[in-house]
Amino acid sequence: AVVSTQSTGGAVEGLDISRVDGVMIIRLNRPDKFNALTWQMYKGIGEALNTAADDASVRVAVLTGTGKWYCAGNDLSNFTKDMPAGGPTEMADNGRDTLDVFCAAMINFPKPLIAAVNGPAIGIPVTTLGLCDLVYCTDSAHFRTPFVSLGQSPEGCSSYIFPRTFGFAKANEMLLAERQISAEEACTGGLVTRIFPEDTFREEVDKVVSHMAKLPPQSMIISKGLIRQEVKEKLLEVNTRECITLRDRWLSDECMTAIMNFLNRKKK
């Protein structure tokens, strides 16, 4: 039976977190918003990973989405609603800290972290795929990182990982020219492990996850540690640098104008 788990602050709206047979499943559950991430969802995911890191009953963690989309990225209403007393500066500081802790939780997670990309992904759910150990996607998935058009900059350590995964020319086409890539391109480029047909996707991913959850857990942790040892500290450093840069971008006139224009277009 699946045993529900919650973050230390209680259940988080938009997240379903469960455990079964050594596997923690973090499911983004805002299908009406294409599973876009709120600040509370970022915090909930980070807390769940940090808690599971020290929980011997969790051997593998899986990130996935509900419905046709994996995740549409950052919910841009994060920047316009519930403005703190300190105004945009406090909002940007809080956002920087939240994003830093979220990505650091993925970087520091000592056990296998698997992304089950059940559909399209935009923004941070794309960039953070490089922080996962295995990435499986459906044949209907596609990937886009439209940071520049929103007056923002790369995060999720993509400024470091993407050039080393795709090569600079292909990475720049994604991060600077905002080109959308297909599941096949993501797999050929090395961001995605394997592609499964949409109708058998969950079943195929479950086979891999179930197998890994049965393997000797300490051997798994030690092996992942060796694989990540040379880059872990570098990724933490890159993450902090990217978050500081994003904080400054969020406070720029260029970014504020781009986000407001985007939100106004959505209302029409």
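The values are calculated or read from the model by the stated rules, or taken from the named source; none is laboratory data. Just so it is clear, the model here is predicted, and its values are computed rather than measured. Note that we place each Cβ from the backbone using ideal geometry, even for glycine, and neighbour counts take in every protein chain shown. Heads up: the accessible areas ignore ligands, DNA and RNA and are worked out on the full protein's heavy atoms, side chains in. Shrake-Rupley method; radii C 1.70, N 1.55, O 1.52, S 1.80 Å.
For a test of the definition: using alpha carbon positions, the gyration tensor, and the 1.5 limit on a/c, classify the range 114-178 as rounded, prolate or oblate. Don't skip to the answer; put the middle values down first.
Numbers: a/c = 1.73, a/b = 1.38, b/c = 1.26.
Judged from the Cα gyration tensor, the range 114-178 comes out prolate (a/c at least 1.5, a/b above b/c).
Kindly identify the range 29-71 as rounded, prolate or oblate by the Cα gyration tensor criterion: order the square roots of the eigenvalues as a ≥ b ≥ c, call it rounded if a/c is under 1.5, otherwise compare a/b with b/c, prolate if a/b is larger, else oblate.
On the way: a/c = 4.37, a/b = 1.83, b/c = 2.38.
Oblate shape, in that a/c is at least 1.5 and b/c is the bigger or equal ratio.
Given a 1.4 angstrom probe, I'd like the percentage of the accessible area of the chain that is carbon and sulfur, rounded to a whole number. List each step's numbers first, then the result.
Numbers: 6740 of 12610 Å².
Carbon and sulfur: 53 percent of the exposed surface of the chain.
Name the GluC sites (Glu not before Pro) in the range 104-200 that are in a loop by DSSP and that have at most 14 other C-beta atoms within 10 Å, would you? Kindly include the intermediate steps, with their values, before the conclusion.
Working: sites: GLU155, GLU173, GLU178, GLU184, GLU185, GLU198; in loops: GLU155, GLU178.
Passing sites in the range 104-200 are GLU178.
Classify the range 143-230 as rounded, prolate or oblate, taking a ≥ b ≥ c as the square roots of the eigenvalues of its Cα gyration tensor: rounded when a/c is under 1.5, otherwise prolate if a/b is larger than b/c and oblate if not.
Oblate, since a/c reaches 1.5 and b/c is not below a/b.
When Lys and Arg each count +1 and Asp and Glu each count -1, what net charge do the other residues less than 13 Å away from GLY156, Cβ to Cβ, add up to? Don't skip to the answer; put the middle values down first.
Values: positive: ARG241; negative: ASP100, GLU155, GLU242.
Its environment carries a net charge of -2.
Where the centre of each part is set by its Cα atoms, how far does the range 10-79 sit from the range 180-212, in angstrom?
The two parts, judged by their Cα centres, are 19 Å apart.
ALA177: net charge of surrounding residues, Cβ under 12 Å, Lys/Arg +1, Asp/Glu -1, itself excluded? Please list the in-between numbers first.
On the way: positive: ARG144, LYS170, ARG179; negative: GLU173, GLU178.
Surrounding charge for ALA177 is +1.
Within straight cross-link reach of LYS232, meaning Cα distance under 24 Å, which lysines are found once same-chain residues fewer than 8 apart are removed?
Straight-line reach from LYS232, under 24 Å: LYS43, LYS111, LYS170, LYS224.
What whole-number distance in Å separates the alpha-carbon centres of the range 110-166 and the range 85-107?
19 Å
Would you kindly find the accessible area of TYR160, with a 1.4 Å probe and non-protein molecules such as ligands, DNA and RNA excluded, rounding to the nearest 10 Å²?
Estimated to the nearest 10 Å², TYR160 gives 50 Å².
What lysines could a cross-link reach from LYS267, if we take a straight Cα to Cα line under 23 Å and drop same-chain neighbours fewer than 8 places away?
LYS33, LYS68, LYS81
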